[in-house]
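Colleague: Here's a structure for you.
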Amino acid sequence: MSDIDVLVVGAGPTGLALGIDLARRGVPALVVERADELFPGSRGKGLQPRTMEVFDDLGVLDAIHAAGGGYPVGMIWRGGERIGEHHMADPAEASDDSPYNEPWMVPQWRTQRILLERLEELGGKVVFGREVTGVTQDEDGVTARFASGEPVRARYLVAADGGRSVVRRAVGVGMTGEVVDPLPTLVADVRITGLDRDNWHFFPQGEGAEDLLAICPLAGTEDFQLMARFAEGTEVDLSPEGVRRVVAARSHLAAEDVTEVRWVSDFRPRAALADRFRVGRVFLAGDAAHVHSPAGGQGLNTSVQDAYNLGWKLGAVLGDGARASLLDTYEEERRPIAERMLGLSTSIHRGETRRGGATRQLDLGYPGSTLTAETRTAPGPVRAGDRAPDATVDGVRLFDAFRGPHWTLLALGTSAPAPSADVRLVHGPAHRTYGTGLFLVRPDGYVGWAGDTPAGLPEYLARFGGR
């Protein structure tokens with residue numbers, strides 16, 4: 001039986017992002033995946049601005065930018081004629097504090113390949129064909145058993161194995177949720193002739209939503225993502241012929257215009273939240289912890305940020321000597337945000353909310369967390385618990401200073417010595433984005449502590465181990 005520090009079950013975006021974060025911290029970890037290869041479809045294609053910031057820190061942003069593109073304007077068709085444009089989201093301007101202003105489209109299969117390449121570059125790996133069949137734990141660790149092969153023993157286990165998580169069931173955690181939409185939905189990656197790649201094409205058939213067809217060009221590829229909805233109770237035909245029939249019936253295209261069906265699936269949109277995100281030494285992340293409607297593009301993004309929150313905390317406990325109680329703050333911080341994002345996804349799906357600022361996830365934070373300490377008498381525009389915005393301070397771009405697994409102390413309009421060799425210090429004058437004060441930025445890009453003077457800062461940092 002092999003022994004490691006962290007076993008990550010599932011090589012989707014959540015598991016791969018966590019694997020990267022642990023690898024760059026030198027934490028011995030293993031990612032296992034029950035399938036024989038990475039997920040092959042485009043399903044989670046939208047990367048929100050906050051996730052782009054996370055990918056900047058994890059070292060994959062250039063590859064993500066090169067692999068994708070922006071979202072096209074929607075085009076509505078009727079009777080083979082273009083009848084008008086449809087703007088899917090409210091526009092946003094890039095700014096100094098938020099350089100990634102709009103969602104970026106990358107098919108999920110390509111995002112996962114980029115993450116896997118980064119993981120392997122850092123010395124990590126994924127073992128495919130390892131299906132978990134059981135999990136047991138004790139005071140010292142967790143043992144995972146597989147359909148084939150030797151068990152693996154780890155100090156901690158992270159379930160990133162999707163909405164039907166075997167690990168979640170093994171540790172007895174339920175999910176509370178609802179069917180967002182009873183209409184079955186087909187999604188497929190296809191090659192099509194006869195449609196331009198400058199628009200996201202919509203083919204409404206009438207007043208109802210049960211026979212909608214939408215065809216979106218997938219940035220960075222020759223493929224289109226096709227989505228079709230059906231009346232409640234319909235048995236969806238997932239064969240290539242079935243996909244072609246839907247296109248021919250609902251658009252001006254002929255069946256033979258669909259030259260290739262590369263991947264196909266169906267689902268019924270639902271929203272569900274795990275009752276707990278932690279049981280002993282087992283953590284739930286991503287779809288294993290929360291399942292979203294795809295509307296608004298929140299599922300993959302919330303999932304990656306679960307990993308980003310948990311990674312530095314596992315690193316602090318396993319590598320820096322922080323108390324194990326730090327890991328309790330993962331559920332404390334992430335479950336309320338997952339619940340909030342589930343509500344947003346459902347509201348967008350039902351047409352109650354437009355895709356706008358909230359979907360970009362830049363305003364999320366942890367102001368009520370037990371890790372948040374705001375000690376200033378008159379806090380400015382950025383407070384403890386907030387996302388740390390980008391800015392240029394005395395010639396230093398802050399996102400460049402934050403990049404890496406360290407903490408960063410911003411001293412703006414005041415002075416402070418570096419509290420530790422493990423904390424990067426950036427001095428500068430008071431800044432219009434931040435105001436004045438000392439801002440200790442966590443490894444995941446949120447302000448953990450803020451003060452007028454360094455009083456209390458060493459004690460705060462001592463909570464996170466040998467810093």
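The values are calculated or read from the model by the stated rules, or taken from the named source; none is laboratory data. Please read these numbers as outputs of a predicted model, since none were measured by experiment. With ideal geometry, Cβ positions are generated from the backbone for all residues, glycine too; neighbour counts draw on all protein chains shown. The protein model used for the area step is the full one, side chains on, heavy atoms only, and it has no ligands, DNA or RNA in it. Shrake-Rupley method; radii C 1.70, N 1.55, O 1.52, S 1.80 Å.
Colleague: So how much slack lies between D3 and D328, counting 0.36 nm per residue of separation and subtracting their Cα-Cα distance, in nm?
Modeller: Here the answer is 114.7 nm.
Colleague: With a bin width of 5 angstrom, please list the P(r) values of the stretch 377-443 as percents of all Cα-Cα pairs, from the 0 bin to the one holding the largest distance.
Modeller: Going out from 0 Å in 5 Å bins, the stretch 377-443 shows 4, 18, 32, 29, 15, 3, 0 percent.
Colleague: Let me ask something additional. Subtracting the Cα-Cα distance from 0.36 nm times the residue separation, let me have the gained length for D363 to T259 in nm, one decimal.
Modeller: Answer, rounded to one decimal: 33.2 nm.
Colleague: Divide by every residue of the chain the summed helix terms, -39500 (n - 2.57) for each DSSP H run of at least 4, and state the resulting mean residue ellipticity at 222 nm, rounded to the nearest 500 deg cm²/dmol.
Modeller: It lands at -7500 deg cm²/dmol.
Colleague: How much of the pair distance distribution for the stretch 324-464 lies past 21 Å, counting alpha-carbon pairs only, in percent?
Modeller: That tail contains 45 percent of the Cα-Cα pairs.
Colleague: Between A92 and R268, what is the label-to-label distance in nm when each label sits 7 Å out along the Cα-to-Cβ direction?
Modeller: Reported label-point gap for A92 and R268 is 3.3 nm.
Colleague: Something else: How far is the Cα center of the stretch 138-213 from the Cα center of the stretch 1-42, in Å?
Modeller: If you average the Cα positions of each part, the centres end up 17 Å apart.
Colleague: Within the stretch 123-223, list the trypsin sites (Lys or Arg not before Pro) lying in a DSSP loop whose Cβ has at most 11 other Cβ atoms in a 10 Å radius.
Modeller: Taking the stretch 123-223 and a limit of 11 other Cβ atoms within 10 Å, the loop trypsin sites (Lys or Arg not before Pro) found are R164.
Colleague: Separate question: Express in nm, to one decimal, how much length is gained between D320 and A455 on full extension, taking 0.36 nm for each residue of separation and deducting their alpha carbon distance.
Modeller: Computed gain between D320 and A455 is 46.3 nm.
Colleague: I've got another one for you. Taking θ = phi - 60°, what integer Hz values does the Karplus form 6.51 cos²θ - 1.76 cosθ + 1.60 yield along the stretch 301-315, in sequence order, with x for Gly and Pro?
Modeller: Computed from phi, the couplings for the stretch 301-315 are 5, 4, 5, 4, 6, 4, 4, 5, 6, 6, x, 6, 6, 4, x Hz.
Colleague: How large is the Kirkwood hydrodynamic radius of the chain, in angstrom, based on all distinct alpha carbon pairs?
Modeller: Kirkwood hydrodynamic radius for the chain: 23.4 Å.
Colleague: Could you give each residue of the stretch 322-335 its phi-based ³J(HN,Hα) in whole Hz, using Karplus coefficients 6.51, -1.76, 1.60 with θ = phi - 60°, and x for Gly or Pro?
Modeller: Using θ = phi - 60°, the values come out as 5, 5, 4, 5, 4, 5, 5, 6, 4, 5, 4, 8, 8, 5 Hz.
Colleague: Same structure again: May I ask you to give the percent of accessible area on the stretch 190-248 that is carbon plus sulfur, with a probe radius of 1.4 Å?
Modeller: 48
Colleague: Given the chain, what percent of its DSSP beta bridges are antiparallel, to the nearest 5?
Modeller: Counting DSSP beta bridges with both partners in the chain, the antiparallel share is about 65 percent.
Colleague: Could you state how much accessible area D138 has, in square angstrom rounded to the nearest 10, with a 1.4 Å probe and all protein chains kept in place?
Modeller: 80
Colleague: Quick one: 3J(HN,Hα) in Hz for the stretch 375-382, Karplus 6.51/-1.76/1.60 with θ = phi - 60°, rounded, Gly and Pro as x.
Modeller: Computed from phi, the couplings for the stretch 375-382 are 10, 6, 6, 9, x, x, x, 10 Hz.
Colleague: Is the stretch 69-117 rounded, prolate or oblate when judged by the Cα gyration tensor, a ≥ b ≥ c being the square roots of its eigenvalues, rounded requiring a/c under 1.5 and prolate requiring a/b larger than b/c?
Modeller: Oblate.
Colleague: While we're here: Could you pull the Rg and Dmax for the stretch 185-329, using just the Cα atoms, both in Å?
Modeller: Every Cα atom of the stretch 185-329 included, Rg and Dmax give 20.6, 64 Å.
Colleague: Then there's this: Which value, in Å², gives the accessible area per residue of the chain when a 1.4 Å probe is used on the protein heavy atoms?
Modeller: 40
Colleague: Give the peptides 213-219, 45-51, 261-267, 232-238 in descending order of average Cβ contacts within 10 Å, highest first.
Modeller: 45-51, 213-219, 261-267, 232-238
Colleague: Distances longer than 19 Å among the Cα atoms of the stretch 156-245: what percent of all pairs is that?
Modeller: 57
Colleague: Further question on the same structure: Can you pull the Rg over Rh of the stretch 96-192, Cα-only, Kirkwood?
Modeller: 1.05
Colleague: OK, next. Rounded if a/c is under 1.5, else prolate if a/b is larger than b/c, else oblate: which is the stretch 149-192, with a ≥ b ≥ c the root eigenvalues of its Cα gyration tensor?
Modeller: Judged from the Cα gyration tensor, the stretch 149-192 comes out oblate (a/c at least 1.5, b/c at or above a/b).
Colleague: Largest first, please: the extent of the C-alpha atoms of the stretch 190-240 along each principal axis, to the nearest Å.
Modeller: Between the extreme Cα coordinates on each principal axis of the stretch 190-240 lie 35, 26, 17 Å.
Colleague: What order, most packed first, do the peptides 56-65, 301-310 have when packing is the mean number of other Cβ atoms within 10 Å of each residue?
Modeller: 301-310, 56-65
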